[in-house]
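Notes follow once the structure below has been shown.
Just so it is clear, none of the values below were taken in a lab; they were calculated from the coordinates. Computed from a prediction, not measured in an experiment: that's the story for all the values here. Cβ coordinates were reconstructed from backbone atoms using ideal geometry, including for glycine residues, and neighbour counts include every protein chain displayed.
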């Protein structure tokens, strides 16, 4: 959630999925959006209100603040690559 805005028919399909799982099976959803921001991605209508109602009923929300682990991993990988390239440029291999 949050990377793409869903078209109305996609929002309806997502709602049907949640509706089928509601009180039947556990559901895990990860997103970078607060609940208040879901309407921006899903549209502002009664369907989104009903969807959030079902998702938030008897749920556990784990909000994690801080830097993204994925972004930190990419930063480390880029730094290692730059270091290797700098070493290769400054110390070419002998044949």
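Placing dummy labels 7 Å off each Cα toward the beta-carbon, the span from residue 63 to residue 39 is 1.8 nm. With the highest mean first, a sort of the peptides 61-74, 35-48 on other beta-carbon atoms found within 10 angstrom per residue produces 35-48, 61-74.
Give the peptides 8-14, 22-28 in descending order of average Cβ contacts within 10 Å, highest first. Working shown, then result.
On the way: 8-14: 13.6, 22-28: 8.7.
Packing order, densest peptide first, comes out as 8-14, 22-28.
Taking only alpha carbon atoms, segment 1-93 gives an Rg to Rh ratio of 1.26, where Rh is the Kirkwood radius. Taken along the Cα-to-beta-carbon direction at a fixed 7 Å, the label points for residue 88 and residue 31 span 4.3 nm.
Rounded to the nearest 0.05, the FRET efficiency derived from the C-beta distance between residue 20 and residue 78 at R0 = 41 Å is 0.45.
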